[in-house]
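The numbers here are math on the coordinates, done by the rules we state, and not lab data. Just so we're clear, the structure is a prediction, and the values are computed from it rather than from any experiment. All Cβ positions, even for glycine, are placed from backbone atoms using ideal geometry, and neighbour counts span all protein chains on display.
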Amino acid sequence: MDERKNQANQRRHSIDFETAKRVFERGNVMSRKLPAEQQKRLDSLAAMPDDQIDYSDIPPLSEDFWKNAVRNPFYKPTKASTTVRVDSDVLAWLKSKGKGYQTRINAILREAMLRDIGGR
């Protein structure tokens, strides 16, 4: 295994090669057929109106839960290519931080977007 590529993969996708390999080897666990009794219970719940489902054994999610939540490490939004005109001093600052200035632009814009969405 190329350790350099493994580390780059961890930085970029938040997952190492060994973990990714195990996930892909297992396949889609939802594609396995459920035992008849479990399938019967699942079908029964699916047919039941939401107001009749007993949620009392599920604790409510507190603010502390969301403070400690992490984004799915397998989440990878699609990328779109675009041309953006930025002030030359802004571009110089971004490039002065080293390789990956486009990734930094995306991170800055994503942070602003999430702040805006959360503030509504």
Residue with peak Gaussian network fluctuation, the chain [Cα springs, cutoff 10 Å], from 76, 33, 21: 33
Over 26 Å (Cα to Cα) - which of 76/97; 21/97; 5/76; 5/99; 33/67 fall in this group: 21/97; 33/67
Taking 55, 101 and counting other C-beta atoms within 10 Å, the order from fewest to most: 55, 101
C-alpha center-to-center spacing [the stretch 89-120, the stretch 1-21] in angstrom: 24 Å
Most positive-pole-ward Cα, 9, 90, 109, against dipole of the chain from beta carbon charges: 90
Dipole moment magnitude, nearest 20 debye, the stretch 1-98 about Cα centre, only Lys, Arg, Asp, Glu C-beta charged: 800 debye
Computed [θ] at 222 nm, helices only, for the chain once each DSSP H run of length n ≥ 4 contributes -39500 (n - 2.57): -16500 deg cm²/dmol
